Amino acid sequence: MILILLGPPGAGKGTQAQRLVRDYGLVQLSTGDMLREAVKNETPVGRKAKEAMEAGQLVTDDVVVGIIEDRIKRSDCKDGFILDGFPRNRAQAEALDEMLSRQGCTLDHVLEIRVPEDDLIKRITGRFTCAGCGAGYNDYFKTPEKKGVCDGCGGREFERRSDDNEETVRARLKAYREQTAPLLPYYEDRGILAVIDGTAGIDDVARQIDEVLKS
Ligand code: AMP
């Protein structure tokens, strides 16, 4: 099964992708995670991506298309994968179609996780994760039971994404509105788009996704 999770930053794509990995045995391909890793390791890709990421703008298509093309050829993708954060514009969507058709694969579902923009700023600027186990928290909605200590693993180190500040978030939302949201009709016309209400709780969003995948 090949899925795309589409939605603005903070809609919960990463959270749902992790759950789909667990429950369906799919591989999560997050271009954002791959680029952050490349920036951290100062690879050539990381050097090309860094500036755009810090400004909340899209990294060039050749870079992200190249990453995905290499990644989906690997054997762990043969039973299916979830694209989280890719494609983000029309050129990437067309490049993906070409890649899949070369490999004889088809796209099964595109899930749009819909959340109003006003809700997203707090979701993003407030979020942080445990450096040890990756458990997610939020200053506004879900802090650890004991301040500064992870509920899951007891770790005391937490991380925030450097692009989760308000100015960059606004640029990222603009990029979504202007470049990624226009992909929705592209997939709707092909009859593979499903809209998921992303304002519901995590388990409810997961249930909505399960319903679509069963259909
Ligand atoms: P994300 O983790 O998906 O929010 O992505 C973080 C940042 O990585 C974005 O703001 C972009 O700068 C970059 N990025 C991730 N995926 C893509 C993509 N498909 N196309 C262009 N830039 C991307």
Please specify each residue of segment 22-39 satisfying the condition of being assigned to a helix (DSSP H, G or I) and within 16 Å of the ligand (Cβ to nearest atom). T31, G32, D33, M34, L35, R36, E37, A38, V39
I'd like to know if segment 93-104 contains one or more residues that are touching a residue at least 24 places away in the same chain (Cβ under 8 Å), polar (S, T, N, Q) and open to solvent by 60 Å² or more (accessible area, probe 1.4 Å). yes
Mind checking which residues of segment 42-68 are in a loop (DSSP other than H, G, I, E, B), open to solvent by 90 Å² or more (accessible area, probe 1.4 Å) and more than 7 Å from the ligand (Cβ to nearest atom)? E42
Quickly run through segment 105-115 and pick out the residues that are surrounded by 14 or more Cβ atoms within 10 Å (Cβ to Cβ) and not basic (K, R). C105, L107, H109, V110, L111, E112, I113, V115
Look through E54, E69, E37 and report the one residue that is more than 16 Å from the chain's Cα centre (by Cα) and free of Cβ contacts under 8 Å to residues at least 60 places away in the same chain. E69
Residues being open to solvent by less than 20 Å² (accessible area, probe 1.4 Å) and of a type outside the set (S, T, N, Q) - total across segment 13-31: 4
State yes or no: is D84 closer than 19 Å to V212 by Cα, among the charged types (D, E, K, R), within 14 Å of the ligand (Cβ to nearest atom) and open to solvent by 10 Å² or more (accessible area, probe 1.4 Å)? yes
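The values are calculated or read from the model by the stated rules, or taken from the named source; none is laboratory data. Just so we're clear, the structure is a prediction, and the values are computed from it rather than from any experiment. No Cβ is skipped: glycine too gets one built from the backbone with ideal geometry, and neighbour counts run over all protein chains shown. Quick note on the areas: whole protein, heavy atoms, side chains included, nothing else; ligands and nucleic acids left out. Shrake-Rupley method; radii C 1.70, N 1.55, O 1.52, S 1.80 Å.
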